[in-house]
Amino acid sequence: MLIVEDETELSDLLSAAFAEAGWRPFVAGDGHSAVRLARGCEPHAVVLDRMLPDSDGLHVLRRLRDHNAQLPVLLLTARDALPDRLEGLSAGADDYVTKPFSLEEVILRLRALLRRSGADNGAPPAREPVRALGDLTLSERSREVRRGGTPVTLTAKEFDLLWFLMGSPRQVFSKAQLLDHVWNSSFDGEGNLVEVYIYSLRSKIDKGRAPMIHTVRGVGYVIRPAASEAPC
Ligand code: CA
């Protein structure tokens, strides 16, 4: 679920509410990042603020529509005047809410849009076994890995190791703990095995990007969101 809103207090609230609803939120603070994220992250729907620092939300809306004519878009507007609402709807918004709005209303309207677009069958959201951190996402069922929207191919064991690390972001694990949890093996001087897999994972996940997998000297390894990248 892409949230396009420059007021961080509001985007934080929406993010928390969407995560609670079972949707994976990611945030763009301006129109330029919104278009980039919509192309790279393939959101199911977009919540789009009309008033953005770099452009009118309606301009962003047209650019989103150019790329994906079916993408459901809910417009956030501070204006309640009829001409403004009509302008938003005729520009291609599927629905709108007027600020200040209730989070419940936003969720209900989005559910309705998703149902209409076929992305949601109306049932409570399935808790897909997906782990996401920053712009990195893993899907357990399909074993799909994406960083910044780009698919990454991992071996089965690399996936297991990354899945385990992603289960506890920011927690440092020793080689012995990783061997125990990922390989079901006791620590018998097999630390090199972990090093080899971490090296390989880094070359696939972090290469040419802001690093997420870090070594904590003398302790072990940790995964953290890359500070400089937009979450996806
Ligand atoms: Ca705004």
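The values are calculated or read from the model by the stated rules, or taken from the named source; none is laboratory data. Predicted, not measured: the structure shown is a model, and the values here were computed from it. Cβ coordinates were reconstructed from backbone atoms using ideal geometry, including for glycine residues, and neighbour counts include every protein chain displayed. Just so you know, the surface numbers come from the protein's heavy atoms only, side chains and all, with ligands and any DNA or RNA stripped out. Shrake-Rupley method; radii C 1.70, N 1.55, O 1.52, S 1.80 Å.
List of remarks:
- Equivalent ellipsoid of segment 130-223: semi-axes from √(5λ) of the C-alpha gyration tensor, largest first, are 21, 14, 12 Å.
- Within the chain, helix-based [θ] at 222 nm, where runs of 4 or more DSSP H residues each add -39,500 (n - 2.57), nearest 500: -12500 deg cm²/dmol
- Beta bridges assigned by DSSP with both partners in the chain are antiparallel in approximately 55 percent of cases.
- Averaged per residue, the chain has 52 square angstrom of accessible surface, using a 1.4 angstrom probe with ligands and nucleic acids left out.
- As a fraction of the 1.4 Å probe accessible area of segment 130-223, surface on carbon and sulfur atoms comes out at 47 percent.
- Shape of segment 1-77, Cα gyration tensor, a/c cut at 1.5: oblate
- Basic side chains Lys and Arg get +1 at the Cβ, acidic Asp and Glu get -1 at the Cβ, and with that the dipole of segment 130-223 about its Cα centre reaches some 380 debye.
- The share of accessible area on segment 2-117 that comes from carbon and sulfur is 51 percent, using a 1.4 angstrom probe.
- Across all Cα pairs in the chain, the calculated P(r) in 5 Å bins from zero up to the longest distance comes to 1, 6, 13, 16, 16, 13, 10, 8, 6, 5, 3, 1, 0, 0, 0 percent per bin.
- Highest average packing first - 131-142, 206-217, Cβ atoms within 10 Å: 131-142, 206-217
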